[in-house]
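J.: One structure is given below, represented as structure tokens, and several questions about it will come after.
Here, each number is a calculation from the coordinates, and none is a lab measurement. Note that the structure is a prediction, hence the values are computed from the model and not measured. As a convention, Cβ positions derive from the backbone with ideal geometry for all residues, glycine included, and neighbour counts pool all protein chains shown.
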Amino acid sequence: MRPDDHDDLDPKDWPATRAQAHRMLDDMLDYVEHVRQRPVWRPIPEAVKAGIRAPLPRRPTDLAEVHDEFLRLVLPYATGNVHPGFMGWVHGGGSVAGMLGEMLAAGLNANLGGREHMPIEVERQILRWLAPLFGMSEGAGGLFVTGSSMANFMAILVARTGALGPEVRRLGLQGAKLTAYASASVHGCVRRGMEMAGLGGDALRAVPVDREGRMDLRALLEAVRADRAAGMRPFLAVGTAGTVDTGAIDPLDGIADAARAEGLWFHVDGAYGALAVLSPGLAPRLAGIGRADSIALDFHKWGQVPYDAGYLLVRDGALQQRTFAQPAVYLGRERRGLAAGSPWPCDFGPDLSRGFRALKTWFVLKVYGTERLGAMIGHTCALAQYLKARVQASPELELMAPVALNIVCFRRRGPDPDRLNRQVVEDLHEAGLPAPSTTTLDGHLAIRAAIVNHRTQPRDIDALVDAVLAHPGILEASEDKDGAR
Ligand SMILES: *Cc1c(COP(=O)(O)O)cnc(C)c1O
């Protein structure tokens, strides 16, 4: 029996939905336009958390009503990284062009796993733009992924294929004792990547760093040679372009030399720092990144593309393909029609269904242009130098690490400084003031301000320093703001 037409999920009243959609867009634009007037962050009242707990909705709710709930329960209690005063961790600020690109991508609902359609050409275009920025050419492979945690993991897998050949996929490690090398300040996701790759976290050797937090090249070579003498098989050296703790940049050129001399894969974790190549003033500091075999980077940090938009770039795209593609599948692809266009993005990584992260990135790159993005990145580093100068000019404050890029680690002097500075940061957060985070350097707690947001201005730096100096007077000082909430 032929069923009746059914009630699909599209609006019944298109004009009303259109008006509501415009209201939602306006609300979000208002949020971004006036974000400076809000507290950076605020504690979430129990009633708000309770408000979101509800049974699985079995019956429909009006779109406008759900949006109101979002405005009441979610929007005011976000992380705060859109705010110019957000300096915690290494979070990007996002951008209006990126947000709008994301909206269009959601409307198109493209699946970028494969097949023959223009969205995939957009992703390929990002690769064509990116590869030459990092000294790579035609044969390079690239792929959008969630973030650099995933990109670093995948790079380890590609390097593993490079060392053991694609048979490793079928046969496993077969006792191969692969060892990898990274500085002691490498991001934790690299060790986790080694764990997930079945190589073992301990097979990642922590190479000591110098006083600037940069990998000690002599120690790298010593570690590689000692391992080789002990019957291990060194296969990978990871350099970091901008550590999360202090923004230190490893001597990438030196690591490239060592990797070449020792036959190692040279991977760069450029999660937040790699895009500094767009700033003419900063690019020379990344010298050697153009010799990497692979690079992990995030457009969602300095690139100001809304989350998430991580990227893996691999010089030898064919090797990347041999690491992930299922030959029986891709060799059987069609030559014409919608099922053509092989190889597909799903041949270069573990995901089959993939969203259109490339579109918001394409919008950001085109709308702002790389000169403006590079200048913005340079500006965040100038703000870091300004913060450093203010710290050094205040007898109550102390700089805790060299300022290489856009991260400043400092603390208030005083008895029991770890406790004091933890309290300062927590009080700043709860007062809705400029929000740095903390980190531990040589066993000491430091206030860490990472200036990643393109909206941050010198007055935000002043507000941070003034609040740290005024502590514990900051909570009262912010009462006015509380009243306005
Ligand atoms: C942020 C960051 C990572 C992790 O990247 P995600 O995008 O958060 O997964 C890794 N390494 C460095 C240096 C980072 O800054």
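J.: Out of all DSSP beta bridges in the chain, what portion is antiparallel? Express it as a percent rounded to 5.
T.: Working: 24 of 44 bridges.
Counting only bridges with both partners in the chain, antiparallel ones make up about 55 percent.
J.: For every helix of n ≥ 4 consecutive DSSP H residues, a contribution of -39,500 (n - 2.57) applies; sum these over the chain, divide by its total residues, and give [θ] at 222 nm rounded to the nearest 500 deg cm²/dmol.
T.: Numbers: 17 runs with 203 residues, N = 485.
Helix-only estimate at 222 nm: -13000 deg cm²/dmol.
J.: Another question, then. Once you place label points 7 Å from the Cα toward the Cβ at Ala176 and Met103, how far apart are they in nm?
T.: About 4.9 nm separates the two model spin labels.
J.: Roughly what would the spin-label model give for Thr17 and Ala375, points 7 Å off Cα along C-beta, in nm?
T.: The modelled label-to-label distance comes out at 4.2 nm.
J.: Additional query: Restricting to Cα pairs below 8 Å that are 6+ residues apart, what does the relative contact order work out to for the chain? Please round to a whole percent.
T.: Working: 874 pairs, mean separation 105.2, N = 485.
Rounded, it is 22 percent for the chain.
J.: What's the FRET efficiency of Ser353 with Lys49 using the Cβ-Cβ distance as r and R₀ = 35 Å, to the nearest 0.05?
T.: On the way: r = 32 Å, r/R0 = 0.90.
According to the calculation, E is roughly 0.65.
J.: Under 18 Å between alpha carbons, and skipping anything fewer than 8 positions from Lys301 in its own chain: which aspartates and glutamates qualify?
T.: Glu102, Asp245, Asp269, Glu371
J.: What is the packing order of peptides 5-14, 151-160, taking the mean over residues of other C-beta atoms within 10 Å and listing the highest first? List each step's numbers first, then the result.
T.: On the way: 5-14: 7.6, 151-160: 26.1.
Top of the packing list down: 151-160, 5-14.
J.: Equivalent-ellipsoid semi-axes (√(5λ), Cα gyration tensor) for the stretch 81-144, whole Å, largest first? The partial results should precede the final answer.
T.: Numbers: eigenvalues 142, 79, 16 Å².
Equivalent-ellipsoid dimensions as semi-axes: 27, 20, 9 Å.
J.: Calculate the all-directions average of the projected area of the stretch 1-151's alpha-carbon convex hull, and give it in nm². Mind dumping the intermediate values first?
T.: Numbers: hull surface 60.4 nm².
For the stretch 1-151, the mean projected area of the Cα convex hull comes to 15.1 nm².
J.: OK, next. What FRET efficiency do you get for Tyr386 and Asp4 if R0 is 60 Å and r is their Cβ-Cβ distance, rounded to the nearest 0.05? Walk me through the numbers before you get to the answer.
T.: Working: r = 68 Å, r/R0 = 1.13.
Efficiency at R0 = 60 Å is approximately 0.30.
J.: Debye sum, Cα scatterers, the stretch 368-443, no solvent: what log₁₀ I/I(0) at q = 0.14, 0.16, 0.21, 0.22 1/Å?
T.: -0.54, -0.68, -1.02, -1.08
J.: Taking the mean number of other Cβ atoms within 10 Å as a proxy for protection, how do you rank 165-171, 96-102 from highest to lowest? Each step should come with its number before you reach the end.
T.: Working: 165-171: 12.6, 96-102: 21.0.
Going by the mean number of other Cβ atoms within 10 Å, highest first, we get 96-102, 165-171.
J.: State the answer as a single residue: which of Met150, Ile126, Ala110 lies farthest towards the positive end of the charge dipole of the stretch 109-162, with beta carbon charges of +1 for Lys and Arg and -1 for Asp and Glu, about the Cα centre.
T.: Met150
J.: Turning to a different aspect of this structure: Between Glu33 and Gln457, how many nm apart are label points set 7 Å from Cα along the C-beta direction?
T.: 1.7 nm
J.: For the chain, with only Lys/Arg (+1) and Asp/Glu (-1) charged at the beta-carbon, what is the dipole magnitude about the Cα centre, in debye rounded to 20? Intermediate results must be reported in sequence, preceding the final value.
T.: Working: 54 positive and 57 negative charges, 256 e Å.
That gives the chain a dipole magnitude of about 1220 debye.
J.: How large are Rg and Dmax for the chain when only the alpha carbon atoms are used, in Å?
T.: Taking only Cα atoms of the chain, I get Rg and Dmax of 24.5, 85 Å.
J.: Follow-up. If eta is 0.890 mPa s and T is 25 °C, what Stokes-Einstein diffusion coefficient results for the stretch 38-106, Kirkwood Rh from Cα pairs, in µm²/s? Show your work: numbers first, answer last.
T.: Working: Rh = 14.5 Å.
The diffusion coefficient I find is 169 µm²/s.
J.: Sequence-distant or interchain residues sharing an amide H contact under 5 Å with Gly113, placed H: which?
T.: Amide H neighbours of Gly113: Arg354.
J.: Something else: Along its principal axes, what span do the Cα atoms of the stretch 197-319 show, with the longest given first and each in whole Å?
T.: Taking max minus min along each principal axis of the Cα atoms, the stretch 197-319 gives 46, 35, 23 Å.
J.: So, one more: Packing-wise, with mean Cβ within 10 Å as the measure, how do 423-431, 360-368 rank, highest first?
T.: Details: 423-431: 19.4, 360-368: 21.1.
Result, highest mean first: 360-368, 423-431.
J.: Once every Cα of the stretch 351-485 carries one equal point scatterer and solvent is ignored, give the base-10 log of I(q)/I(0) from the Debye formula at q = 0.11 Å⁻¹, two decimals.
T.: -0.49
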